[in-house]
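What follows is one structure encoded as structure tokens, with my remarks underneath.
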Amino acid sequence: MSDNIERYPDYIKRVVVADDDCLQRTYISSILKKLGYDPYEADNGICALKLLRDHNAQILICDLDMPGLNGINLARRIRSDPGELYVHILMVTGRNQSEERERALDAGIDDFMAKPVDTASLTARIRSVKRLLLHEKRLAEREDKLRLAKERIESDLNDAANAQRRMLPDQHIRIGQCEFHSAMMASNILAGDMFAYFEIDPGILGFYAIDVAGHGIHASLMSVALGHMLSAEFFRQWAIDKDGDPDPAALVRFLNKKFFRDDSTDYFTMFCGVLDQSRNELHFCQGGYPSAIITGPAGVCTSLGQGGFPVALLTQAEFENQKTYFPPDHFMVLVSDGALEAEDPSGQPFDDDGVKNIITARAHDPASIPDRIIEALSEWRGGSPLDDDLTVVVCERIQA
Amino acid sequence: MIKIKHVADSQICVIDPITDRLTAANATSFKDEVWQLIDKGEYRLVIDLTGVAFVDSSAIGALVGILKRLGNRGEIVVCGLSGSVDKMFRITRMDRVFPTYPNSAEAAAALSERL
């Protein structure tokens, strides 16, 4: 035979030989030594168990009949404590012990040899075990490679997610005469949601919330691209017309043109607003994003907008400006459809009512609304993670 | 995943996605199957969403993908919108992109009138 055991790792060569018959034990050991293996001898089951553990051996040759712990009980003990390594057990039985063989198979014996043990049959069986061990080794190496690759990918994704999160505004931030409060939760590591707010001109604020269709890496790349593009400068350029009047629809129209592709259906929904603080006017364009909700101190919720085309989905989509009165002491809430569509274990969506109930109950403390919605959704989902990314943005107008 | 039914004496094909949820999990394979139908020459399509209780943004993307594939070769309408599906169509204005009908019979009748 050409296969030389010498070139294999040591653990493959370790064999525990358990037999109370000294002659039989020495005989088997001498054959193993000739084959290049390292036999460790045990005259009883308990001693065999100890040798297996002490030497991390993966091959056991044992006699069926031994005082104390016999071969079958020894096998049961080994199988009841599955460590990282699988122990291959060869059992030596008498020619007339066929019933015991059945029980031995049940107990976890892998193969048998009949007494008297001869060199040829032991060699054949030990080689078969060696093939299995080498196969296991290859599988373990492959698993290690996959695990390392997975760890690397996850670490990269976490870095990307952190970079993405750093693009978002602080959870509570004051801009002009507004307090903004927010929360974002990704359904995966990376999110397809993005939002921001800034002062465009003195007294004029711009804000947006975006939800890229789909989730994961693909959606997050687009959301990050949009996050970099949509700056105060960009709003100044595209969301204010040449007479200086707010025109958020023009900005959305520009994005629709820029991101539309004939050969793709990647798109996003967007709520884009320009707030004129001195006039208490909110100008907005709804690009398929759920309607914003405006609430006063009494907690009465009013939905803004009847809908609108998503962005980058259809080249001929029209986008319009809408305007509403948004005075101090009122606040506006934007919630992505990740909240509205979140289902409880019976399949009931959280819906507008779920969101509005929280807004009404927390009208005295708008700053607490984003976290409260996240908390309520987690209860609603019964602990199972969200299917979609979730964004909550609250814009609270305060008295000058 | 889809089930198709041809309306007698017409070139109208009614497509049932056979799922109660058209989402990121199955929208692409749904789109691919309808694309195959279009490539085989089915140009008058009714997408019957009677049995669909929930669609997400990927489903909307898939429907528009089907519309783009069809181009001006024919017509595609949808029917059987209910609850959250109807709401999704209104919020995203898809009800202005796809003619919608209460059921497949009315959708097919409207399509055959325009033949």
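Within the range A:359-376, count every residue that is closer than 22 Å to A:ASP170 by Cβ and aliphatic (A, V, I, L, M).
Quick first cut of the range A:359-376, residues closer than 22 Å to A:ASP170 by Cβ only: A:359, A:362, A:365-375.
In the following step, the residues that additionally are aliphatic (A, V, I, L, M) were identified as A:359, A:367, A:369, A:373-374.
Number of matching residues: 5.
Between residues in the range A:54-67 that are assigned by TED's automatic domain parsing to the domain that holds A:THR26 and residues that are in a loop (DSSP other than H, G, I, E, B) and of a type in the set (Phe, Trp, Tyr), which pairs lie under 9 Å by C-beta distance while being six or more apart or on different chains?
Correct list of pairs: A:GLN58/A:TYR86; A:ILE59/A:TYR37.
Quick check on the range B:7-29. Is at least one of its residues within 14 Å of chain A (Cβ to nearest Cβ), closer than 17 Å to B:ARG73 by Cβ, modelled with pLDDT of 95 or more and surrounded by 19 or more Cβ atoms within 10 Å (Cβ to Cβ)?
No, the range B:7-29 has no match at all.
Could you count how many residues in the range A:258-281 are within 14 Å of chain B (Cβ to nearest Cβ) and among the small types (Gly, Ala, Ser)? Please lay out each step first, then the result.
First, the residues of the range A:258-281 that are within 14 Å of chain B (Cβ to nearest Cβ): A:259-271.
Checking which are among the small types (Gly, Ala, Ser) leaves us with A:264.
Of the residues in the range A:258-281, 1 are within 14 Å of chain B (Cβ to nearest Cβ) and among the small types (Gly, Ala, Ser).
Only one of these conditions is not met by B:PHE89: (1) closer than 26 Å to B:ALA8 by Cβ; (2) hydrophobic (A, V, I, L, M, F, W, C); (3) in contact with a helix residue (DSSP H, G or I) (Cβ under 6 Å, 6 or more places away or on another chain). Which number is it?
(1)
Do you know which residues across the range A:76-104 are in contact (Cβ under 8 Å) with a residue 24 or more places away in the chain, assigned to a helix (DSSP H, G or I) and surrounded by fewer than 21 Cβ atoms within 10 Å (Cβ to Cβ)?
Passing the criteria: A:ARG76, A:ARG77, A:ARG79, A:GLU100, A:ARG103.
Under 7 Å by Cβ, and 6 or more places apart or on different chains, what pairs join a residue from the range A:262-281 that is surrounded by 15 or more Cβ atoms within 10 Å (Cβ to Cβ) with one that is among the acidic types (Asp, Glu)?
A:PHE268/A:ASP211; A:THR269/A:ASP211
For B:ALA59, work out the one condition from (1) farther than 21 Å from B:PRO102 by Cα; (2) within 14 Å of chain A (Cβ to nearest Cβ) it doesn't fulfil.
Only one criterion is unmet by B:ALA59, namely (1).
Among B:VAL85, B:VAL64, B:VAL78, B:VAL52, which is facing chain A (nearest Cβ under 9 Å) and either buried (at least 16 other Cβ atoms within 10 Å of the Cβ) or farther than 17 Å from B:ASP20 by Cα (or both)? Talk me through it step by step, then tell me what you get.
Working: B:VAL85 fails: facing chain A (nearest Cβ under 9 Å); B:VAL78 fails: facing chain A (nearest Cβ under 9 Å); B:VAL52 fails: facing chain A (nearest Cβ under 9 Å).
Of the residues listed, the single one that is facing chain A (nearest Cβ under 9 Å) and either buried (at least 16 other Cβ atoms within 10 Å of the Cβ) or farther than 17 Å from B:ASP20 by Cα (or both) is B:VAL64.
Could you tell me which of the residues A:ILE46, A:ILE31 is under 17 Å from A:LYS130 (Cα atoms) and assigned by TED's automatic domain parsing to the domain that holds A:ILE89?
Criteria check complete, one pass: A:ILE31.
Quick one: A:GLY382 ticks every box in (1) surrounded by 14 or more Cβ atoms within 10 Å (Cβ to Cβ); (2) on the phi > 0 side of the Ramachandran plot; (3) in contact (Cβ under 8 Å) with a residue 24 or more places away in the chain except a single one, so which number is it?
Single failed check for A:GLY382: (1).
Within the bounds of the range A:141-156, is there any residue that is under 37 Å from the mean Cα position of the chain (by Cα), hydroxyl-bearing (Ser, Thr, Tyr) and over 25 Å from A:ASP371 (Cβ atoms)? So that I can check it myself, show each step before the final result.
Within the range A:141-156, the subset under 37 Å from the mean Cα position of the chain (by Cα) is A:141-156.
Applying the additional criterion that residues be hydroxyl-bearing (Ser, Thr, Tyr) yields A:155.
So of that shortlist, the ones also over 25 Å from A:ASP371 (Cβ atoms) come out as A:155.
Yes, the range A:141-156 contains a residue that is under 37 Å from the mean Cα position of the chain (by Cα), hydroxyl-bearing (Ser, Thr, Tyr) and over 25 Å from A:ASP371 (Cβ atoms).
Can you report the number of residues in the range A:243-287 which are modelled with pLDDT under 95 and on the phi > 0 side of the Ramachandran plot?
Number of matching residues: 1.
So how many residues does the range A:48-79 have that are over 23 Å from A:LEU139 (Cα atoms) and out of contact with any Ser or Thr (no Cβ under 6 Å at 6 or more places or on another chain)?
So the count comes out to 21.
Taking into account only those residues within the range A:185-199 that are among the aliphatic types (A, V, I, L, M) and modelled with pLDDT under 95, which is surrounded by the fewest Cβ atoms within 10 Å (Cβ to Cβ)?
Step one: of the range A:185-199, the residues among the aliphatic types (A, V, I, L, M) are A:185-186, A:189-191, A:194, A:196.
Among the residues that remain, those that are also modelled with pLDDT under 95 are: A:185-186, A:189-191.
Working: A:MET185: 21, A:ALA186: 23, A:ILE189: 18, A:LEU190: 23, A:ALA191: 28.
My answer is A:ILE189.
Which of the helices (runs of 4 or more DSSP H) contained wholly in the range A:282-391 include at least 3 residues that are more than 14 Å from every other protein chain (Cβ to nearest Cβ)? Give the steps one after another, and end with the answer.
Working: elements: A:337-340, A:351-361, A:369-380.
Ranges flagged: A:351-361, A:369-380.
The values are calculated or read from the model by the stated rules, or taken from the named source; none is laboratory data. Computed from a predicted model, the values in this text were never measured in an experiment. Neighbour counts run over all protein chains shown; Cβ positions are idealised from the backbone, glycine included.
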